[in-house]
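The values are calculated or read from the model by the stated rules, or taken from the named source; none is laboratory data. Just so it is clear, the structure is predicted and the values come from calculations on it, not from any experiment. Counting neighbours? That spans all protein chains shown, and the Cβs are built from the backbone with ideal geometry, glycine included.
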Amino acid sequence: MPGCNHCHDQSTFDGMSDAYKRRLWMVIFLNAGMFIVEIFGGAFADSKALQADALDFLGDATTYGLSLYVIGMSITARSRAAMLKGVSLFLMGLWVFSSTVYAFWTDTLPVAELMGGIGFMALAANLASVFLLVNFKDGDANVRSVWLCSRNDAIGNVAVMLAALAVWLLGSRWPDLIVAVMMAGLFLSSAWQILTQALQERKQQNA
């Protein structure tokens with residue numbers, strides 16, 4: 001009903017804030033920069049966890065740009081954007097999982113020192129993103145998806161650094177592969193949360 005839709009729009013933050021938009025731009029640049037660092041660093045270190053994290057940075061920079069674009073549009077447009085992000089996270093999770101399973105059959109040992117150093121840089125970038133967005137963590141599916149992705153990144157970077165330490169101590173590639181699988185699971189879980197909320201908002205809009 002129109003009255004209910006109007007109330008829902010007013011009670012749910014939809015990103016219509018200059019402060020939020022400025023912070024989102026800053027987070028986009030942070031993610032794009034760290035994608036470049038990690039994609040090359042992951043290749044040099046031969047780390048699946050770093051490569052998974054690099055892919056996550058690229059996906060975040062792209063989807064945050066989409067989030068910025070749809071701010072102020074209808075609930076339908078915003079929920080569609082959130083659904084697209086959910087699907088992309090799901091596909092990322094499947095890719096990371098499948099490539100990590102394939103890597104189980106290789107014998108290459110990641111370079112722990114490089115993993116740890118780049119992981120620390122990525123953690124710093126993601127903590128900065130979380131700090132910038134913490135006051136805007138609640139909102140519609142579009143806004144919520146931005147927060148979930150930033151939170152996931154910080155969690156993933158802590159896991160990468162722990163994996164680097166374990167690789168160094170144990171002389172084994174298994175910690176790197178285990179963390180990559182865990183990150184794939186985190187992608188899939190977040191995709192489910194984003195898609196569920198987006199579908200609920202579309203149902204409310206059509207009610």
From the residues in the stretch 23-52 that are among the charged types (D, E, K, R) and more than 15 Å from W147 (Cα to Cα), which one is farthest from the chain's Cα centre (by Cα)? D46
Filter pass, D60 being in contact with a Pro (Cβ under 8 Å, 6 or more places away or on another chain) and either buried (at least 17 other Cβ atoms within 10 Å of the Cβ) or under 21 Å from M183 (Cβ atoms) (or both): no
What residue, among those in the stretch 94-108 that are of a type in the set (A, V, I, L, M) and at pLDDT 75 or above, is nearest to L55 (Cα to Cα)? V96
Please find, among L127, L123, L132, the residue that is more than 21 Å from W192 (Cβ to Cβ), touching a residue at least 12 places away in the same chain (Cβ under 8 Å) and touching a Lys or Arg at 6+ places or on another chain (Cβ under 6 Å). L132
Residue pairs within 8 Å by beta carbon, gap of at least six or interchain, first lying in the stretch 69-95 and surrounded by fewer than 21 Cβ atoms within 10 Å (Cβ to Cβ), second assigned to a loop (DSSP other than H, G, I, E, B), listed first then second, are I71/D14; I71/G15; I71/M16; G72/D14; G72/G15; G72/M16
Quick check: is even one residue across the stretch 140-152 among the charged types (D, E, K, R), surrounded by 15 or more Cβ atoms within 10 Å (Cβ to Cβ), touching a Ser or Thr at 6+ places or on another chain (Cβ under 7 Å) and not in a helix (DSSP H, G or I)? yes
